[in-house]
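The values are calculated or read from the model by the stated rules, or taken from the named source; none is laboratory data. Owing to the predicted nature of the structure, the values given are computational and were not obtained by experimental measurement. We place every Cβ from the backbone using ideal geometry, glycine too, and count neighbours over all the protein chains shown. Note: accessible area is taken over every heavy atom of the protein model, side chains too, but ligands, DNA and RNA are not part of it. Shrake-Rupley method; radii C 1.70, N 1.55, O 1.52, S 1.80 Å.
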Amino acid sequence: MDYKLQVGVQSNLEMGSIDDRSMHDLEDECLYSPEMDAQKTHSTDSNEQVSLSGSLPAGGSKMIRNSVYKSIKTVVFSNKLNLLMPFGPLAVLVHKMTAHNGWVFFLSLLGITPLAERLGYATEQLAFFTGPTVGGLLNATFGNATELIISIYALKSGMIRVVQLSLLGSILSNMLLVLGCALFCGGLVYRGKEQVFSKATAVVNSGLLLMAVMGLLFPAVLYYTHTERHAGKSELALSRFSSCIMLLAYAAYLVFQLKSQKDLYVPIDEEGNQNEENSDDGDDEAPEISKWESMIWLAIMTAWISILSDYLVDAIEGASEAWDVPIAFISVILLPIIGNAAEHASAIMFAMKDKLDISLGVAIGSSTQISMFGIPFCVVIGWMMGREMDLNFQLFETATLFITVIVVAFFLQEGTSNYFKGLMLILCYLIVAASFFVHEDSSSTDESKRPKT
């Protein structure tokens with residue numbers, strides 16, 4: 001009984017409250033006017049504007065701080081190789097406080113290593129927003145940016161022989177060491193089968209590399225056979241003409257690769273058929289930083305590499321004397337290993353994912369760009385600077401490049417790969433490194449004795 005009474009009282013109270021609310025609503029409707037509604041809406045809008053304007057500066061600055069912190073954390077603190085970054089400022093400090101070029105060179109070399117790798121990372125992130133065509137060009141260009149920056153600073157200092165040897169070493173490093181490590185690691189991961197890649201891509205790149213060898217061979221032969229019509233001038237004129245032709249050929253190659261023959265660069269399956277599904281596997285990956293962040297980091301890394309390259313080039317001769325190591329070995333072996341850090345990591349990673357076409361594009365494509373674009377570009381830039389850089393890389397270096405191209409083309413002719421082929425390429429690189437360690441380059445010795453201009 002008590003429960004029923006309570007329910008009844010509650011229902012009566014609720015009905016009374018409803019009646020009261022309805023009476024208030026009727027009074028509000030009777031007192032309604034359009035002017036009052038306009039005033040209410042205006043006051044609410046003004047209140048919202050005030051609240052928004054008050055919260056935007058604080059919220060916006062907080063968002064900017066969070067995005068900057070996240071970007072720095074992603075780019076700088078996500079890779080263990082970046083632990084070498086402090087060696088860059090340390091190299092500058094040692095250069096200012098002491099005159100020990102050996103330490104300056106060594107610290108600069110260590111400081112540039114993570115910057116070269118992060119430069120490749122920022123380029124890959126930017127490629128997500130530009131599409132495959134422009135992305136491929138960006139990867140190829142910024143992948144070799146370190147070598148080109150070092151070469152331009154050396155060219156500015158009049159160290160023409162260092163430019164020639166460092167670019168030659170970059171080609172040898174990509175073709176033997178980078179490609180060899182990629183094939184070796186990929187073969188170890190997939191020991192039960194032979195990895196396959198596009199034979200057409202390998203043939204086109206091998207042809208371009210042989211054309212580059214031809215461009216370097218004729219000035220050397222002309223010099224050593226003493227058959228120049230104008231002594232000291234014909235060799236330089238031939239080099240500049242050949243450089244322009246090589247740049248034209250490389251531009252045509254880009255059009256051929258990216259516009260006319262896109263199907264040649266679609267990854268193939270084990271039966272040798274083009275498989276477009278495999279080429280879309282990477283579409284699931286998402287960029288880790290935004291487009292503008294990628295561009296800002298590219299500018300920062302390029303500027304810092306340029307600063308360290310200046311100290312690196314100035315310390316090469318002193319490091320050679322302090323360590324009793326030939327300049328040829330430093331230029332051909334040590335400098336390219338640092339400059340190719342990004343390509344080295346990328347090629348191995350893709351090979352271990354059974355994406356050998358991308359690994360070949362990184363290693364052989366980088367060699368093709370250096371030989372058909374980097375070297376002729378430096379000849380033309382030297383021409384503009386008044387430096388007589390030519391394509392005569394001397395007989396020993398030209399023969400080394402020629403044999404390397406033949407060996408790599410022979411290994412790639414079947415369109416298949418295994419860990420043994422990669423091991424052979426690595427061992428070939430060790431032979432090349434030992435050869436340059438015992439090779440005394442007379443041109444660089446004479447060049448170091450000349451006063452700098």
Exercise. Return only the number of the condition from (1) modelled with pLDDT of 95 or more; (2) open to solvent by 40 Å² or more (accessible area, probe 1.4 Å) that Gln413 does not satisfy.
Key: (1)
Exercise. Tell me, please, whether a residue that is part of a helix (DSSP H, G or I), aromatic (Phe, Trp, Tyr), open to solvent by less than 50 Å² (accessible area, probe 1.4 Å) and without any contact (Cβ under 8 Å) to a residue 40 or more places away in the chain can be found in the range 389-410.
Key: no
Practice problem: Give the range 149-178 a look and list any residue that's open to solvent by less than 10 Å² (accessible area, probe 1.4 Å), over 19 Å from Leu391 (Cβ atoms) and of a type in the set (Ser, Thr, Tyr), or say none. | Solution: Ser173
Quiz item: Which pairs do you get when a residue that is assigned to a helix (DSSP H, G or I), found in the range 83-101, comes within reach of a residue that is open to solvent by 70 Å² or more (accessible area, probe 1.4 Å) and modelled with pLDDT under 90, reach meaning Cβ atoms under 7 angstrom, with the pair 6+ apart or on two chains?
Solution: Val94/His100
Exercise. Enumerate the pairs (first residue in the range 331-349 and modelled with pLDDT of 80 or more; second residue anywhere and of a type in the set (Lys, Arg) and assigned to a helix (DSSP H, G or I)) with beta-carbon separation below 8 Å, excluding pairs fewer than 6 apart on the same chain, so at least 6 apart or on different chains.
Key: Ser331/Arg161
Practice problem: Can you run down the residue pairs with Cβ atoms below 6 Å, 6 or more apart or on separate chains, where the first is in the range 148-165 and polar (S, T, N, Q) and the partner is crowded, with 24+ Cβ neighbours inside 10 Å and at pLDDT below 90? | Solution: Ser157/Val313
Self-check item: Number of the exception - Ala220 against (1) closer than 14 Å to Ser367 by Cβ; (2) crowded, with 19+ Cβ neighbours inside 10 Å; (3) among the aliphatic types (A, V, I, L, M)
Solution: (1)
Quiz item: In the range 87-117, what residues are under 22 Å from Asn144 (Cβ atoms), buried (at least 20 other Cβ atoms within 10 Å of the Cβ) and either more than 19 Å from the chain's Cα centre (by Cα) or not β-branched (Val, Ile, Thr) (or both)?
Solution: Gly88, Phe105, Ser108, Leu109, Gly111, Pro114, Leu115, Ala116, Glu117
Quiz item: Given Ile348, Ile364, Ile381, which one is over 20 Å from Ile150 (Cα atoms), open to solvent by 10 Å² or more (accessible area, probe 1.4 Å) and either in a helix (DSSP H, G or I) or hydroxyl-bearing (Ser, Thr, Tyr) (or both)?
Solution: Ile348
Quiz prompt | Unmet criterion (only one of (1) crowded, with 18+ Cβ neighbours inside 10 Å; (2) at pLDDT 80 or above) for Phe142 | solution = (2)
Exercise. Determine whether the range 197-211 contains at least one residue that is in contact with a Leu (Cβ under 7 Å, 6 or more places away or on another chain), open to solvent by less than 10 Å² (accessible area, probe 1.4 Å) and of a type outside the set (Ser, Thr, Tyr).
Key: yes
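Yes/no matrix, rows are residues, columns are (1) modelled with pLDDT under 95; (2) under 24 Å from the mean Cα position of the chain (by Cα); (3) surrounded by 22 or more Cβ atoms within 10 Å (Cβ to Cβ):
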residue	(1), (2), (3)
Asp354	yes, yes, no
Ser371	yes, yes, yes
Phe420	yes, no, no
Val438	yes, no, no
Ser444	yes, no, yes
Glu447	yes, no, no
Self-check item: Selection from the range 196-235 of residues that are small (Gly, Ala, Ser) and in a helix (DSSP H, G or I)
Solution: Ala200, Ala202, Ser206, Gly207, Ala212, Gly215, Ala220, Ser234
Practice problem: Inspect the range 266-277 for any residue being modelled with pLDDT under 90, farther than 16 Å from Ala127 by Cβ and assigned to a helix (DSSP H, G or I) and give the result as yes or no. | Solution: yes
